[in-house]
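Participant: Please find one structure pasted underneath; my questions will follow.
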Amino acid sequence: MLDQKVTLITGAAAGIGEGTAQLFAAHGAPVYVLDRNAAGATAVAAAIQAKGGSAFAFATDVTRPETIRPAVEDALSRYGRIDVLINNAGIYPRRAFLDMTEAEWDQMHDIHLKGLFHCTKLVAPHMVRRRSGKMINISSVTFFKGMANLTHYVAAKGGIIGFTRSLAREMGPHNVYVNCITPGAVLVESEKAVATPEQMAAIVEQQCLQRRLVPLDIARVCAFLASEWSDGITGQTLNVDAGIVMY
């Protein structure tokens, strides 16, 4: 269902982005691995290529559109199209609101929201021209749940949901789909820097499914939204959190 779907994924050097790149490539999609961690992006692309997949690594800072453009241009030059854009790049450092600086607030919004703007702005015109395309934005279940020490993060992730809904209205007449995923607590390497095992165990206790989510859980939903199986869905937010929040 993903065969030859040219896909750009931001934040793809690790975690959800890496898992999604691996899954898409395994199902025949040429994958563009975008990340500010150049070595990490190169390693992910090399791993995909070693398995016979098509992958291209680009060092990309989503807050700077001039670093995104080469990947977009390469995809258009090589394949003549971009079928799927997955806006996944993000950070999630904890900070109490009373201790939060304006610079920390700005950085969070620059990466999550302005980065989303830049990537979409570069890709959308080509999808509109072809009257075909799937955009998938990665938000967070914390928008529905609320979470202390992450006010800047939750505000930015809520903005992604609003962006998704409004852009879907504009893109629908052009046959371009825009959807969103709100992952729960996904087991990734970077988690160790922001949470203890005890804190994560407490989250699992709140879930209907008593196991850790892994990147593949999110990647499979991305695959659904990128395929023709989701052709009746746009402007929606799919919650993938093992059953913490229900709405």
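Participant: Spin-label point model (7 Å from Cα, Cβ direction): what's the Thr196 to Gln210 distance in nm?
Facilitator: Here the answer is 2.3 nm between the modelled labels.
Participant: Need one number for segment 150-212: average projected area of the convex hull over its C-alpha atoms, nm².
Facilitator: Working: hull surface 23.9 nm².
One quarter of the hull surface, i.e. the mean projection, equals 6.0 nm².
Participant: So what is the calculated 222 nm ellipticity per residue for the chain, using -39500 (n - 2.57) for each DSSP H run with n of 4 or more, over all residues, to the nearest 500 deg cm²/dmol? Could you put the intermediate results ahead of the total?
Facilitator: Details: 9 runs with 111 residues, N = 247.
When only DSSP H runs of four or more count, the value is -14000 deg cm²/dmol.
Participant: Then there is this: Give the accessible surface of segment 1-99 per residue, rounded to a whole number of Å², with probe radius 1.4 Å and ligands, DNA and RNA excluded.
Facilitator: Numbers: 4190 Å² over 99 residues.
Accessible area per residue: 42 Å².
Participant: Shape verdict for segment 35-174, please, from the Cα gyration tensor: rounded (a/c under 1.5), prolate (a/b greater than b/c) or oblate. If you can, show how the numbers build up before the last one.
Facilitator: Numbers: a/c = 2.16, a/b = 1.40, b/c = 1.54.
Oblate.
Participant: Please report the spacing between the Cα centers of segment 53-113 and segment 9-28 in Å, no decimals.
Facilitator: 14 Å
Participant: Using protein chains only and a probe of 1.4 angstrom, how many square angstrom of Asp110 are accessible, to the nearest 10?
Facilitator: 60 Å²
Participant: A follow-up question, please. Over the Cα atoms of segment 130-185, Rg to Rh with Kirkwood Rh, two decimal places? Could you put the intermediate results ahead of the total?
Facilitator: Values: Rg = 13.0 Å, Rh = 12.0 Å.
Dividing the radius of gyration by the Kirkwood radius yields 1.09.
Participant: Anything over 30 Å Cα to Cα? Flag those among Lys51/Lys121; Lys5/Lys114; Lys51/Lys157; Lys134/Lys192; Lys114/Lys145, in the order listed. Before the final figure, lay out each step's value.
Facilitator: Working: Lys51/Lys121 32 Å; Lys5/Lys114 26 Å; Lys51/Lys157 34 Å; Lys134/Lys192 32 Å; Lys114/Lys145 23 Å.
Result: Lys51/Lys121; Lys51/Lys157; Lys134/Lys192 exceed 30 Å.
Participant: Could you calculate the FRET efficiency of Ser77 with Glu228 from 1/(1 + (r/R0)^6), where r is the beta carbon distance between them and R0 is 30 Å, rounded to 0.05?
Facilitator: Values: r = 26 Å, r/R0 = 0.86.
The pair Ser77/Glu228 has a calculated efficiency of 0.70.
Participant: Multiply the residue separation of Arg131 and Arg94 by 0.36 nm, subtract the distance between their alpha-carbon atoms, and state the gained length in nm to one decimal. Numbers along the way, then the final one.
Facilitator: On the way: separation 37, 0.36 × 37 = 13.32 nm, distance 4.06 nm.
Net length gain for the segment: 9.3 nm.
Participant: One quarter of the convex hull surface, Cα atoms only: what value does that give for segment 114-235 in nm²?
Facilitator: Details: hull surface 33.7 nm².
Seen from a random direction, the Cα hull of segment 114-235 projects 8.4 nm² on average.
Participant: Between Ser166 and His27, with labels modelled 7 Å along Cα→Cβ, what's the label distance in nm to one decimal, could you check?
Facilitator: Here the modelled spin labels are 3.1 nm apart.
Participant: Moving to a separate point now. Given H placed on each backbone N at 1.01 Å, which residues far from Leu213 in sequence or on other chains put an amide H within less than 5 Å of it?
Facilitator: It is Leu187, by chain and number.
Participant: Could you please state how large a percent of the accessible area of the chain is carbon and sulfur, counting protein chains only and using a 1.4 Å probe? Mind showing how you got there, number by number?
Facilitator: Numbers: 6170 of 11290 Å².
The nonpolar share, carbon plus sulfur, comes to 55 percent.
Participant: Follow-up question, since we're still on this one. In the chain, which whole DSSP H runs stretch at least 27 Å along their own axis (Cα) and average 0.0 or higher on the Kyte-Doolittle scale?
Facilitator: Working: long enough: 151-171 (29 Å, 0.13).
Counting only whole DSSP H runs, the qualifying helices are 151-171.
Participant: Suppose a student asked you for the relative contact order of segment 1-123, using Cα pairs under 8 Å spaced at least 6 residues apart; what percent would you report?
Facilitator: Details: 220 pairs, mean separation 32.6, N = 123.
The normalised contact order for segment 1-123 reaches 26 percent.
Participant: In whole Å, largest first, what are the principal axis extents of the Cα atoms in the chain?
Facilitator: That gives 47, 39, 35 Å along the principal axes, largest extent first.
Participant: Gain in length, Lys145 to Ala39, computed as 0.36 nm per residue apart minus the alpha-carbon separation, to one decimal in nm?
Facilitator: Length difference between fully extended and current span is 34.7 nm.
Participant: Using the per-residue mean of other Cβ atoms lying within 10 Å as a proxy for protection, in what order, highest first, do the peptides 15-21, 211-217, 177-183 fall?
Facilitator: On the way: 15-21: 27.0, 211-217: 17.3, 177-183: 24.9.
Highest to lowest by the protection proxy: 15-21, 177-183, 211-217.
Participant: What's the extension gain from Thr101 to Tyr247 if we count 0.36 nm per residue and subtract their Cα-Cα distance? Let's see the in-between values first.
Facilitator: Values: separation 146, 0.36 × 146 = 52.56 nm, distance 3.30 nm.
In short, 49.3 nm is gained.
Participant: What order, most packed first, do the peptides 22-30, 194-202 have when packing is the mean number of other Cβ atoms within 10 Å of each residue?
Facilitator: On the way: 22-30: 20.4, 194-202: 11.3.
Going from most to least packed, we get 22-30, 194-202.
Participant: Still on this structure, I have one more. Going by amide H atoms built from the backbone, whose H comes under 5 Å of the H on Asn239, apart from near neighbours?
Facilitator: Counting only residues 5 or more places away or on other chains, the set is Thr182.
Participant: Here's something else I'd like to know. Based on the Kirkwood radius over alpha-carbon pairs, what value in µm²/s does the Stokes-Einstein equation return for the translational diffusion coefficient of segment 3-59 at 4 °C and 1.567 mPa s? Intermediate results must be reported in sequence, preceding the final value.
Facilitator: Details: Rh = 10.3 Å.
Estimated via Stokes-Einstein, D reaches 126 µm²/s.
Participant: Turning to a different aspect of this structure: Any number yet on Rg/Rh for segment 21-112, C-alpha, Kirkwood? List each step's numbers first, then the result.
Facilitator: Details: Rg = 15.7 Å, Rh = 14.7 Å.
The Rg/Rh ratio comes out at 1.07.
The values are calculated or read from the model by the stated rules, or taken from the named source; none is laboratory data. Nothing here was measured: the structure is a model prediction, and the numbers come from that model. Positions of Cβ are backbone-derived with ideal geometry, glycine not excepted, and every protein chain shown enters the neighbour counts. Accessible surface is based on the protein model in full, side chains and every heavy atom, while ligands, DNA and RNA are left aside. Shrake-Rupley method; radii C 1.70, N 1.55, O 1.52, S 1.80 Å.
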